[in-house]
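The values are calculated or read from the model by the stated rules, or taken from the named source; none is laboratory data. Owing to the predicted nature of the structure, the values given are computational and were not obtained by experimental measurement. Positions of Cβ are backbone-derived with ideal geometry, glycine not excepted, and every protein chain shown enters the neighbour counts. Note: areas computed on protein heavy atoms with side chains; ligands, DNA, RNA excluded. Shrake-Rupley method; radii C 1.70, N 1.55, O 1.52, S 1.80 Å.
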Amino acid sequence: MKILNKFRRTVVIAFAATLFLIAAQADVSATPMSFDIIHPNDAGERTGMTYGEWSVAWWQHVFEIPFENNPIFDPTGASRNFGQTGPVFFLVNTASGSAIRNACRVPAGKALFFPPLTISGFTHKNEPEHSLRNYNRSFINSTREIQVSIDDVDVGTMVSLEPHSTPLRAASADGFFSVIAPENNIFGGVPGQSYETVSDGFYLMVAPLPPGPHTIKFGGVSRNFAADVTYNLVVESEEATQVSRRRKRR
């Protein structure tokens, strides 16, 4: 992710790109599918919000976490549960370069939502919305590649990942959404101040995975930006999740 601390136009780019997909070298049709992609057309009915609405929630989640706990800068995945609530669990990409996160545990029954490539822009001194959207749109339109694999299966076999035709692109709704800057925030905002924001990008929603280990790789390439992230995560059993919740209440 590239962060420009200029309040006239502060643009935050977050993205990650996988290096390769093993599925491209294998007979994917013979590989048992352990996952279910929630298509954008079905997201509202199945999760209660559209991809665009979840993208806003994703950005608010990331921006409102202080630097020391922010999962974007977490090399292991240990910060994955900070501020996570509700039926959907957010996976976060990397600030730049590569990251392999092996310490991520996902509660049972949570859908996964994550962006192969996304961008958000802040307004300052009444900068018009269309100016920020045009910048975001230009960056996303320049995408040359988006890639996602789950358990070594190329998601592109289930839904198009071609940047200029994929249904996985979503922008925040017309108008701004607000982000409250925490102490020691990652975008140089004044703590406690509200910032008007718009976003654009590619996102993916995955239905709750079965308990056990899973590997998720995702990312994208746009202009001269490229990075990659891999989650070697564990989805907890329902029993383990209940035990964890009881401990937190004590």
Query raised in the report: What number goes with the only condition from (1) open to solvent by 10 Å² or more (accessible area, probe 1.4 Å); (2) at pLDDT below 95 that LEU209 does not pass?
Result: (2)
Query raised in the report: How many residues are touching a helix residue (DSSP H, G or I) at 6+ places or on another chain (Cβ under 8 Å) and closer than 19 Å to GLN193 by Cα when one looks only at the stretch 112-138?
Result: 4
Report summary line: Output for Cβ contacts, cut-off 6 Å, separation at least six or different chains, first residue part of a loop (DSSP other than H, G, I, E, B) in the stretch 97-113, second crowded, with 20+ Cβ neighbours inside 10 Å, reads GLY97/ALA227; ALA103/GLY77; CYS104/GLY77; CYS104/ARG80; CYS104/TYR231; CYS104/LEU233; LYS110/PHE89
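For every residue, the table says whether it meets (1) in contact with a strand residue (DSSP E or B) (Cβ under 8 Å, 6 or more places away or on another chain); (2) farther than 16 Å from PRO163 by Cβ.
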| residue | (1), (2) |
| --- | --- |
| GLY201 | yes, no |
| PRO213 | yes, yes |
| ILE216 | yes, yes |
| GLY220 | yes, no |
| SER237 | no, yes |
Query raised in the report: Which condition does GLY188 not pass, out of (1) more than 17 Å from the chain's Cα centre (by Cα); (2) at pLDDT 95 or above; (3) part of a loop (DSSP other than H, G, I, E, B), if it passes all the others?
Result: (2)
Requested in this report: Identify the single condition in (1) modelled with pLDDT of 95 or more; (2) assigned to a helix (DSSP H, G or I) that LYS248 does not satisfy, given that it satisfies every other one.
Outcome: (1)
Report task. Can you give me the number of residues within the stretch 132-177 that are outside any loop (DSSP other than H, G, I, E, B), polar (S, T, N, Q) and either touching a residue at least 24 places away in the same chain (Cβ under 8 Å) or crowded, with 21+ Cβ neighbours inside 10 Å (or both)? Result -> 5
Query - Any chance ASN224 is open to solvent by 40 Å² or more (accessible area, probe 1.4 Å), out of contact with any helix residue (DSSP H, G or I) (no Cβ under 6 Å at 6 or more places or on another chain), under 19 Å from PHE113 (Cβ atoms) and of a type in the set (S, T, N, Q) - result: no
Query raised in the report: Within the stretch 178-190, can you find the residues that are surrounded by fewer than 18 Cβ atoms within 10 Å (Cβ to Cβ) and in contact with a strand residue (DSSP E or B) (Cβ under 9 Å, 6 or more places away or on another chain)?
Result: SER178, ILE180, GLY188
Report summary line: Scanning the stretch 96-131 for residues that are open to solvent by 20 Å² or more (accessible area, probe 1.4 Å) and among the aliphatic types (A, V, I, L, M) gives ILE100, ALA103
Query raised in the report: Are any of the residues in the stretch 192-202 buried (at least 16 other Cβ atoms within 10 Å of the Cβ) and part of a helix (DSSP H, G or I)?
Result: no
**Report entry** Which numbered condition VAL62 misses (of (1) at pLDDT below 50; (2) in a helix (DSSP H, G or I); (3) β-branched (Val, Ile, Thr))
**Finding:** (1)
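Here's the yes/no breakdown for (1) more than 18 Å from ASN69 (Cβ to Cβ); (2) within 13 Å of the chain's Cα centre (by Cα):
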| position | (1), (2) |
| --- | --- |
| VAL92 | no, yes |
| SER98 | yes, no |
| ARG105 | no, no |
| LYS110 | yes, no |
| PRO115 | yes, yes |
| GLY121 | yes, no |
| HIS124 | yes, no |
| HIS130 | yes, no |
| ASN134 | yes, no |
